[in-house]
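For reference, the structure is listed below as structure tokens.
The values are calculated or read from the model by the stated rules, or taken from the named source; none is laboratory data. The model shown is predicted, which means the values in this text are computed figures rather than measured ones. When we count neighbours, we look across all protein chains shown, and the Cβ atoms used for this are built from the backbone with ideal geometry, even at glycine.
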Amino acid sequence: MSHDDRFKKAEFAAMVGVVGNILLAILKGWAGFVGNSRALIADAVHSASDVAGSLAVYIGLRAAKQPPDKDHPYGHGKAESIAAIIVAVLLFLVGIEIGKSSIESFFHPIEAPKAIAIYVVIFSIIVKEAMFQWKYRLGKKLNSDALIVNAHEHRSDVFSSIAALIGIGASILGGRLDIDWLVYGDPIAGLVVALLILRTAWKLGAESIHNTLDHVLHDEDTVKYRKIVESVAEVKEINELHAREHGHYVIIDLKLSVDPYMTVEEGHRVGKKVKKKLLEDSLVQDVFIHINPYNPNNEEVE
């Protein structure tokens with residue numbers, strides 16, 4: 001798959017998320033207001049935050065597809081991870097606000113929600129789970145941190161909607177059976193939603209920050225690259241191989257040893273051959289190679 005095709009699919013997925021979240025936020029906000037459900041209103045706010053998140057992902061994808069330039073010789077791939085961090089921060093702020101609102105409701109008399117809240121939250125669960133499954137699979141296929149994080153936003157919305165469903169159902173049941181404490185199931189669900197959002201924000205934010213800080217692939221993940229290098233007959237030894245993640249692609253820093261009696265030009269040709277083979281991997285964006293003279297006595301090389 002070409003880079004252009006990748007970005008077109010990723011951008012389309014991000015825009016579907018924007019439109020879907022806008023429609024769900026409006027529907028849940030209206031149903032929460034009409035149906036007197038704090039949990040559903042909290043869930044609507046969650047969906048509204050997903051709109052901002054999907055927009056951030058879309059902007060990050062647009063930035064990430066820009067080619068390398070003088071100021072960014074390694075490309076703009078980390079823009080996706082930065083977009084993912086923005087999404088995580090938005091989720092965290094929304095979680096705090098929803099939790100605060102839910103706690104405050106315990107200090108005021110409340111009424112049980114109406115049945116419309118149940119219908120809307122069930123519809124939301126179905127739609128959000130479908131969006132998660134689609135975006136998560138696409139994110140894995142395209143190796144996009146931003147899309148994967150955005151997919152998990154949809155999954156967190158599913159969990160929050162399930163919590164809202166349980167709380168709304170308990171509150172409605174409590175209202176019909178005159179069980180006062182059950183009526184508070186709705187704000188309790190709102191609080192659970194807030195905690196789920198905070199947990200998701202923390203987990204995804206930490207992962208995105210980790211990827212942004214020049215994370216290198218572990219040894220077990222670079223085996224295929226080592227085999228490619230070793231397949232070049234002139235390479236005597238791999239002294240060092242670091243594969244750095246830059247969003248959806250990888251940049252390889254490589255030190256290898258060749259026959260010390262080769263000419264500079266011959267060593268350069270070996271480097272070009274190795275680089276060409278590595279670039280055949282769809283994830284590898286660029287390769288930087290340092291050539292060392294092979295030393296069978298294992299003396300230190302630069």
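Worth pointing out:
- Residues in region 11-55 that are acidic (Asp, Glu) and closer than 27 Å to Glu111 by Cα: Asp43 alone.
This table checks each residue for (1) over 15 Å from the mean Cα position of the chain (by Cα); (2) buried (at least 24 other Cβ atoms within 10 Å of the Cβ); (3) modelled with pLDDT under 85; (4) part of a loop (DSSP other than H, G, I, E, B).
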site: Ala130; (1), (2), (3), (4): yes, no, no, no
site: Lys140; (1), (2), (3), (4): no, no, yes, no
site: Asp157; (1), (2), (3), (4): no, yes, yes, no
site: Leu182; (1), (2), (3), (4): yes, no, yes, no
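- Members of region 91-111 that are surrounded by fewer than 22 Cβ atoms within 10 Å (Cβ to Cβ) and modelled with pLDDT under 80: Glu97, Ser101, Glu104, Ser105, Phe106, Phe107, His108, Pro109, Ile110, Glu111
- Matching entry among Val264, Val193, Val216, Val223 (being of a type outside the set (Phe, Trp, Tyr) and crowded, with 17+ Cβ neighbours inside 10 Å): Val193
- Scanning region 155-172 for residues that are more than 16 Å from Val120 (Cα to Cα) and touching a residue at least 60 places away in the same chain (Cβ under 8 Å) turns up just one, Ser156.
- Some residue of region 23-37 being surrounded by fewer than 19 Cβ atoms within 10 Å (Cβ to Cβ) and at pLDDT below 80: no
- Residues satisfying the stated conditions in region 134-188, i.e. over 14 Å from Asn36 (Cα atoms) and polar (S, T, N, Q): Asn143, Ser144, Asn150, Ser156, Ser160, Ser161
- Just one of the listed residues (Ala79, Ala52, Ala13, Ala64) is of a type in the set (A, V, I, L, M, F, W, C), crowded, with 24+ Cβ neighbours inside 10 Å, at pLDDT below 75 and assigned by TED's automatic domain parsing to the domain that holds Arg155, namely Ala64.
- Filter result (assigned to a strand (DSSP E or B) and free of Cβ contacts under 8 Å to residues at least 24 places away in the same chain) within region 241-277: Leu241
- Failed condition for Val223, given (1) among the hydrophobic types (A, V, I, L, M, F, W, C); (2) more than 22 Å from the chain's Cα centre (by Cα); (3) outside the structural domain of Glu240 (by TED's automatic domain parsing): (3)
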